[in-house]
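What follows is a set of notes on a single structure, which appears directly below.
Every read-out reported here was derived from the displayed coordinates using simple, explicitly stated rules and does not represent laboratory data. The model shown is predicted, which means the values in this text are computed figures rather than measured ones. Cβ coordinates were reconstructed from backbone atoms using ideal geometry, including for glycine residues, and neighbour counts include every protein chain displayed.
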There are 2 protein chains.
Amino acid sequence: MDTKVVPNIVVGRLPLYLRTLQLMTQEGRRVTSSQELGERLGISAAQIRKDLSQFGEFGKQGTGYNIDYLTEQLRQILHINKVWDVAIVGIGDVGHALARYQGFSNRGFKIALLFDNDPQKVGTKAGDFTILSIADLVRIIQEAQVQIAMLSVPVDQAQNVSNLLVEAGVKSILNYAPINITVPQDVNVQYIDPVLHLQKMTYYLE
Amino acid sequence: MDTKVVPNIVVGRLPLYLRTLQLMTQEGRRVTSSQELGERLGISAAQIRKDLSQFGEFGKQGTGYNIDYLTEQLRQILHINKVWDVAIVGIGDVGHALARYQGFSNRGFKIALLFDNDPQKVGTKAGDFTILSIADLVRIIQEAQVQIAMLSVPVDQAQNVSNLLVEAGVKSILNYAPINITVPQDVNVQYIDPVLHLQKMTYYLE
């Protein structure tokens with residue numbers, strides 16, 4: 001095994017390649033090329049070849065990539081050749097939408113636990129799940145050994161709840177609250193805030 | 001006015017700076033520094049100073065940044081010193097959550113139009129809005145001169161609907177459908193796919 005550290009930005013493109021390969025499979029395709037992947041993604045073919053070469057040899061000059069094989073390799077590299085349980089904390093509109101989101105299946109994740117601190121919500125159902133109390137979050141997540149959480153609580157609760165998630169052993173947090181949170185170095189945080197994306201685009205509008 | 005082109009990646013950090021400044025204002029703060037901004041965001045102070053220097057002089061060595069002033073300058077640079085109308089197309093769970101999302105206000109955007117193609121949904125309400133038919137999308141968006149849309153339709157409709165948005169004059173699309181779409185060069189697309197973020201993080205999990 002190669003022990004060199006692959007840059008974050010390269011790792012970040014692999015899920016895009018995988019998503020495109022999975023769509024190609026659904027289209028009945030068997031073989032693709034770095035050129036075609038690049039055209040679909042707006043990334044240069046050279047960049048894609050360079051990214052993939054960090055992990056091994058997945059295609060041959062002139063014959064392209066076998067889609068099934070490259071898909072399976074990327075699933076192994078990204079550790080999604082298994083299904084990860086995910087907790088959702090904060091079951092407002094966004095949490096509800098995530099609990100019912102159909103896009104996780106076949107991509108490595110399944111919703112396993114829902115938490116909220118509203119007594120009106122705790123004990124009720126959202127999608128297929130009963131909403132649990134945040135008061136029990138640390139114990140329940142520890143017991144279930146869930147390592148991934150999506151955080152959709154209000155801004156003023158985001159840091160406190162993420163502290164609980166860290167205490168419970170969660171190592172990956174996808175934060176929908178529009179605030180940066182502080183976590184230990186061994187915990188990974190990613191952010192989704194639609195307004196940041198919209199503001200990036202209005203820069204280019206008059 | 002400076003006419004040099006600012007790199008996308010720099011533009012992309014400005015909304016993060018603005019979001020942090022707005023939170024500081026809510027905390028009753030008046031002055032900050034590149035050091036403090038950097039600590040909150042996990043970005044180096046030098047990077048922040050360099051990014052901001054592309055747009056002007058916003059602080060003085062030793063005295064830091066006036067938060068109100070820098071906020072207002074960033075809002076002007078990002079063209080959100082006005083409120084932009086936004087259309088949402090596809091009113092499933094994600095579209096519903098977006099229609100009811102409280103996080104747009106005071107950040108430059110307001111939801112103005114909702115569209116779906118399900119006859120069961122057209123004419124009903126979602127949040128404060130009546131859902132309109134995608135059959136009427138081009139005409140209605142043209143008349144309303146809406147330039148920004150969020151796309152939350154199924155994968156197999158994303159390209160077709162984005163073609164309609166482009167025809168209607170939309171210049172900025174925030175695409176929640178997990179597929180890359182093709183648009184003319186003068187149209188900007190941003191993507192939100194939670195699974196891409198989760199897969200980036202499982203790479204680092206065992």
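One table, with the values for the structure above:
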{"quantity": "GNM result for chain B, Cα springs below 10 Å: residue of B:V138, B:V189, B:V11 fluctuating most strongly", "calculated": "B:V11"}
{"quantity": "The range B:131-160 and the range A:147-206: distance between their alpha carbon centers, rounded to Å", "calculated": "29 Å"}
{"quantity": "Distant-in-sequence amide H partners of A:N175 (H built 1.01 Å from N, under 5 Å)", "calculated": "A:L151, A:Q190, A:Y191, A:I192"}
{"quantity": "Normalised convex hull volume, the range B:151-206, alpha-carbon set, Å³ per residue", "calculated": "79 Å³"}
{"quantity": "Rg(Cα) / (2.2 N^0.38 Å) computed for the range B:45-135, rounded to two decimals", "calculated": "1.58"}
{"quantity": "The range B:101-188: proportion of alpha-carbon pairs further apart than 15 angstrom, %", "calculated": "60 percent"}
{"quantity": "Distance in nm between pseudo-label sites at B:L23 and B:E167 (7 Å out along the Cβ direction from Cα)", "calculated": "4.3 nm"}
{"quantity": "Projected label distance in nm at A:D68 and A:E143, using a 7 Å step from Cα toward the beta-carbon", "calculated": "4.2 nm"}
{"quantity": "Nearest-0.05 FRET efficiency for B:A45 and A:S33, computed from C-beta distance (R0 45 Å)", "calculated": "0.55"}
{"quantity": "For q = 0.15, 0.17, 0.21, 0.34 Å⁻¹, Debye-computed log10 I/I(0) when each Cα of the range A:76-116 counts as one equal scatterer", "calculated": "-0.38, -0.47, -0.65, -1.14"}
{"quantity": "0 to 90° range, to nearest 10: angle between helix B:155-167 axis and chain B longest Cα axis", "calculated": "80 degrees"}
{"quantity": "R0 of 41 Å, Cβ-Cβ distance B:D85-A:D186: FRET efficiency to nearest 0.05", "calculated": "0.40"}
{"quantity": "Three-way shape label, the range B:4-64, alpha-carbon gyration tensor, a/c 1.5", "calculated": "prolate"}
{"quantity": "Identity and axial distance of the chain B residue whose Cβ lies nearest the axis relating B to A, Å", "calculated": "B:A97, 2"}
{"quantity": "Karplus 3J(HN,Hα) series, Hz, for the range B:103-115 with 6.51 cos²θ - 1.76 cosθ + 1.60 (x for Gly, Pro)", "calculated": "x, 7, 5, 6, 10, x, 9, 9, 5, 10, 9, 10, 10"}
{"quantity": "7 Å along Cα→Cβ, label-point gaps from A:V155 to other copies, nm, shortest first", "calculated": "3.5"}
{"quantity": "7 Å along Cα→Cβ, label-point gaps from A:N8 to other copies, nm, shortest first", "calculated": "1.9"}
{"quantity": "Contact order normalised by residue count of the range A:75-175, Cα under 8 Å, 6+ apart, percent", "calculated": "29 percent"}
{"quantity": "Measure of compaction for the protein assembly as shown (Cα Rg per 2.2 N^0.38 Å)", "calculated": "1.01"}
{"quantity": "Chain B, relative contact order [Cα under 8 Å, separation at least 6], %", "calculated": "13 percent"}
{"quantity": "Label-point separation, A:N160 to B:A112 (7 Å along Cα→Cβ), nm", "calculated": "3.9 nm"}
{"quantity": "Share of alpha-carbon pairs per 10 Å distance bin for chain A, given as whole %", "calculated": "8, 28, 29, 23, 10, 1, 0"}
{"quantity": "Among A:L113, A:L196, A:L23, residue whose mean-square fluctuation peaks in a GNM of chain A (springs only between Cα atoms under 10 Å)", "calculated": "A:L196"}
{"quantity": "Cα-based helix-to-principal-axis angle, A:8-26 vs chain A, degrees rounded to 10", "calculated": "80 degrees"}
{"quantity": "Value at 222 nm in deg cm²/dmol, rounded to 500, when DSSP H runs of n ≥ 4 in chain B each add -39,500 (n - 2.57)", "calculated": "-12500 deg cm²/dmol"}
{"quantity": "Per-copy distances of the B:D118 label point, shortest first, in nm (7 angstrom along Cα→Cβ)", "calculated": "2.1"}
